[in-house]
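Below is one structure; the comments refer to it alone.
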Amino acid sequence: MLQLIVCDHYEELSRQAARIVAKQVTNKPTSVIGFATGSTPVGLYQELTKMYQKGEVNFKQIRTFNLDEYVGLDKEHPQSYYRFMWENLFGKVGIEKSQIHFPSGIFQDPVQACNEYESQLKKEGPIDLQILGIGANGHIGFNEPAESFILNTHIIQLADKTIEANARFFRDKSEVPRQAITMGVGNIMNAKKIILLASDKSKAKAVQSVFSSIVDPRVPATILQLHADVSILVTNEVADLLKDLNLEQIVG
Ligand SMILES: N[C@@H]1[C@@H](O)[C@H](O)[C@@H](COP(=O)(O)O)O[C@@H]1O
């Protein structure tokens with residue numbers, strides 16, 4: 001079931017998302033939380049940090065999984081998602097290395113790297129609460145538009161649009177890795193609860209697609225319609241653009 005939550009602005013969206021995460025962790029201190037990167041959840045991570053500092057939530061017993069990592073960037077690379085999570089959340093709220101799981105962007109054998117993450121997910125999962133952003137092309141994690149869905153952790157060729165969108169974090173577009181390792185849509189759909197955050201106008205079409213009643217791997221987020229518990233938090237400016245768009249307007 002999909003629930004749309006419209007928030008006045010980005011700060012409110014971040015606060016609402018933080019309340020959902022904090023409630024999950026308070027109700028079940030040993031929760032497995034799936035974290036996302038990108039600019040959208042930064043406000044959520046700031047809110048969680050504030051709540052932690054005020055003693056309103058603690059993360060001592062949680063275990064974490066992250067959606068994805070760039071292939072070829074080691075953990076300490078300034079643009080690695082691993083480093084992003086330490087700088088934006090883990091390092092600020094007392095989460096320790098022993099609590100976290102991350103797909104590795106550096107490996108000799110891609111199959112083995114994916115299998116290792118799969119076994120960790122199987123052993124520690126299911127994820128209780130998965131946080132998602134969304135790409136303007138409808139990608140979730142790094143599940144890019146394709147002819148079919150890939151369910152498990154895999155290596156993906158990044159779409160040109162994604163490379164362009166993420167170039168803003170690098171000195172130059174040529175520095176953006178061309179591949180990523182990502183959880184598959186099956187891993188994401190296995191989460192008990194999902195919250196998807198979209199605050200930028202550029203995401204409106206992708207968000208609309210989630211309500212399209214068509215499931216299409218060319219817009220990966222459409223799979224979320226089959227999940228039992230998804231809350232989609234959008235800002236007013238995204239909500240204003242949610243009109244009767246059809247899927248063909250979103251693909252490509
Ligand atoms: N792999 C990540 C996604 O997990 C994220 O949701 C998306 C949107 O990012 P942003 O929030 O910066 O727009 O793109 C990135 O490439």
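Residue count for the stretch 164-212, restricted to those that are away from the ligand (no atom under 11 Å from the Cβ), in contact (Cβ under 8 Å) with a residue 24 or more places away in the chain and of a type in the set (Ser, Thr, Tyr): 2.
State whether the residues of the stretch 61-71 include one that is touching a His at 6+ places or on another chain (Cβ under 8 Å), within 19 Å of Phe102 (Cβ to Cβ), away from the ligand (no atom under 16 Å from the Cβ) and of a type outside the set (Ser, Thr, Tyr). Within the stretch 61-71, one or more residues are touching a His at 6+ places or on another chain (Cβ under 8 Å), within 19 Å of Phe102 (Cβ to Cβ), away from the ligand (no atom under 16 Å from the Cβ) and of a type outside the set (Ser, Thr, Tyr).
Is it the case that some residue within the stretch 88-110 is touching a His at 6+ places or on another chain (Cβ under 9 Å), farther than 21 Å from Arg168 by Cα, modelled with pLDDT of 95 or more and in a helix (DSSP H, G or I)? Yes: one or more hits. For the stretch 38-56, a residue qualifies if it is on the phi < 0 side of the Ramachandran plot and surrounded by fewer than 23 Cβ atoms within 10 Å (Cβ to Cβ), and the qualifying residues are Ser39, Val42, Gly43, Gln46, Glu47, Thr49, Lys50, Met51, Tyr52, Gln53, Lys54, Glu56. Assessment of the stretch 4-21 against the conditions (β-branched (Val, Ile, Thr), in a strand (DSSP E or B), at pLDDT 95 or above and buried (at least 20 other Cβ atoms within 10 Å of the Cβ)) yields no matching residue. Going by what's in this entry, would Glu47 be described as within 16 Å of the ligand (Cβ to nearest atom) and either among the acidic types (Asp, Glu) or at pLDDT below 95 (or both)? For Glu47, the condition - within 16 Å of the ligand (Cβ to nearest atom) and either among the acidic types (Asp, Glu) or at pLDDT below 95 (or both) - is met. For the stretch 152-160, the condition holds for no residue, the condition being that it is farther than 22 Å from Asp109 by Cβ, in contact with a strand residue (DSSP E or B) (Cβ under 8 Å, 6 or more places away or on another chain) and not hydroxyl-bearing (Ser, Thr, Tyr).
Only residues that are within 15 Å of Leu129 (Cβ to Cβ) and either assigned to a helix (DSSP H, G or I) or basic (Lys, Arg) (or both): list them for the stretch 52-82, please. Across the stretch 52-82, the qualifying residue is only Arg63. Scanning the stretch 134-162 for residues that are touching a residue at least 60 places away in the same chain (Cβ under 8 Å), near the ligand (Cβ under 10 Å from one of its atoms) and farther than 12 Å from Gly184 by Cα returns Ile134, Gly135, Ala136, Asn137. Thr40 meets each of the listed conditions (1) more than 14 Å from the ligand (Cβ to nearest atom); (2) among the hydroxyl-bearing types (Ser, Thr, Tyr); (3) closer than 21 Å to His139 by Cα apart from (1).
Results for (1) within 16 Å of the ligand (Cβ to nearest atom); (2) in contact with a helix residue (DSSP H, G or I) (Cβ under 9 Å, 6 or more places away or on another chain), shown as yes or no for each residue.
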{"site": "Glu96", "(1), (2)": "no, yes"}
{"site": "Phe102", "(1), (2)": "yes, yes"}
{"site": "Ala113", "(1), (2)": "no, no"}
{"site": "Glu116", "(1), (2)": "no, no"}
{"site": "Gln120", "(1), (2)": "no, no"}
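The values are calculated or read from the model by the stated rules, or taken from the named source; none is laboratory data. Small disclaimer: the values here were computed from a predicted structure and weren't measured. Using ideal geometry, Cβ is built from the backbone for each residue, glycine included, and neighbour counts are taken over all protein chains shown.
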